[in-house]
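The structure appears right after this line, and notes come after that.
Bear in mind these aren't lab numbers, they're just calculated from the coordinates by the rules spelled out. Keep in mind the model is a prediction, meaning the values are calculated, not measured. Please note: Cβ atoms are built from the backbone with ideal geometry, for glycine as well, and neighbour counts cover all protein chains shown.
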Ligand code: Q46
Ligand code: ZN
């Protein structure tokens, strides 16, 4: 089987298994994975709405946005842009930058998808990222964060919650890179200046090392984690945030708490 067929087959297996269809908001970060995901999704019969979240991180965010615009020009789409600054959040002033950034991205992706009447928001998370995230949580006894170890999570319109779709869930880092190269997809090679998460980089290397020794182990890990996620009877109730009305585990969602902290609510 040629590589393109193999790559598209992995995405199709997710689409078919979970019956993904309809309007999909595609979160572009400018990096190789989201660009690859977007490029591949254009070959399906979806209605795609690409968007970019400008995190306001110096030159890095500008460079990434240029690449996101470039791929949209190539594929004939208009890029929509959301600015974190408009919500009163300045990452340069945040102490735990990645944690604030992660909460904001999750929130804004969902909000964008919901407001644009999309069934899902698609992201570029691949198999290597998913496993690194899972092992990192295991290493910190953070079992609840297992939620998300699935390529598709259903939405809930009543809770203003769009579905989540990770088309590259069964594809490794190097496979995404190969797809990008084969299709001459432009992407931003710069790293976020706030990225300094050495332990997760080491974890990722360790996972890839295991894969070199035992081909297929990554896919098996992912399948096992997916089963555990399905079996976990985590009945943490999702409700609506009393301030913004979007999904929340508590009375007030994490994003509104952030905005409160930064004095915009
Ligand atoms: S979380 Fe942290 Fe990333 Fe946000 S602040 Fe940069 S490194 S971009 S995936
Ligand atoms: Zn809220």
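General observations
- Each peptide among 251-257, 208-214, 42-48 gets the average number of other Cβ atoms lying within 10 Å of its residues, and from highest to lowest they stand as 251-257, 42-48, 208-214.
- In range of the label at residue 98: residues from the stretch 190-226 whose backbone nitrogen is under 20 Å from the point 7 Å along Cα→Cβ: 190-209
- Computed over the stretch 23-127: relative contact order in percent, which uses C-alpha pairs under 8 Å that are six or more apart: 39 percent
- Highest-MSF residue in the chain out of 11, 74, 82 [GNM, Cα springs under 10 Å]: 74
- Inter-part distance, the stretch 139-200 to the stretch 29-74, computed on C-alpha centroids, equals 14 Å.
- Packing-based order for 164-173, 89-98, using average beta carbon neighbours within 10 Å, highest first: 164-173, 89-98
- Counted residue by residue at 0.36 nm each, then reduced by the alpha carbon distance between them, the extension gain from residue 136 to residue 117 reaches 3.5 nm.
- Distance in nm between pseudo-label sites at residue 45 and residue 252 (7 Å out along the Cβ direction from Cα): 4.7 nm
- Taken over the Cα atoms of the chain, the convex hull encloses 134 Å³ per residue.
- With both labels modelled 7 Å from their Cα along Cα-to-Cβ, the residue 239 to residue 23 distance reads 2.9 nm.
- Gain on full stretching of the segment that runs from residue 86 to residue 183 - 0.36 nm per residue minus C-alpha separation: 31.4 nm
- Judged by the mean number of other Cβ atoms found within 10 Å, the most tightly packed of the peptides 185-192, 215-222 leads the ranking 185-192, 215-222.
- Rounded to the nearest 0.05, the FRET efficiency derived from the C-beta distance between residue 220 and residue 74 at R0 = 35 Å is 0.45.
- Computed over the chain, relative contact order equals 23 percent, with contacts defined as Cα pairs under 8 Å that lie 6+ residues apart.
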